[in-house]
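To keep things clear, I will list the structure first and then write my remarks on it.
The values are calculated or read from the model by the stated rules, or taken from the named source; none is laboratory data. Keep in mind the model is a prediction, meaning the values are calculated, not measured. Note that we place each Cβ from the backbone using ideal geometry, even for glycine, and neighbour counts take in every protein chain shown.
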């Protein structure tokens, strides 16, 4: 098992905010219909989006659980788009021109955040890329207490 380096909570939050800001900036440059008037608007919007993702998103996920199950999890993109529209409503210099720009922006923000968090090691996202053939599973060595007569349940 790998041991994670312990970081101060402030450093972790700052790193996540920077990643979120980068993701929102990329979404603004890629998606037509998402824009910001000034840098302060971008910073406040990305900070508020992070706060909403931390506190409001879990509640929305719980309330929409049946839709999430029926859509095989794709309804998460609708929730993320709704949060992006809510940020537009709260932050004056940040603009989202409707549901579809918010939808595509939420998708891009999620992908950029996933990739950036993977490279920086922050967050809970884990992605492993391997090249080559998979190793065959190793034969398990019998336990010294195993007499071969049945399963052993250690408590």
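Tabulated results
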| item | result |
| --- | --- |
| Elements of type helices (runs of 4 or more DSSP H) contained in the stretch 50-155, each with 1 or more residues being at pLDDT 95 or above and under 16 Å from residue 21 (Cβ atoms) | 75-90, 99-120 |
| Residues (buried (at least 16 other Cβ atoms within 10 Å of the Cβ) and under 13 Å from residue 27 (Cβ atoms)) located in the stretch 86-100 | 87, 88, 94, 95, 96 |
| For residue 55: the one exception among (1) within 15 Å of residue 82 (Cβ to Cβ); (2) in contact (Cβ under 8 Å) with a residue 12 or more places away in the chain; (3) surrounded by fewer than 17 Cβ atoms within 10 Å (Cβ to Cβ) | (2) |
| Count - residues of the stretch 29-63 that are on the phi < 0 side of the Ramachandran plot and more than 18 Å from the chain's Cα centre (by Cα) | 16 |
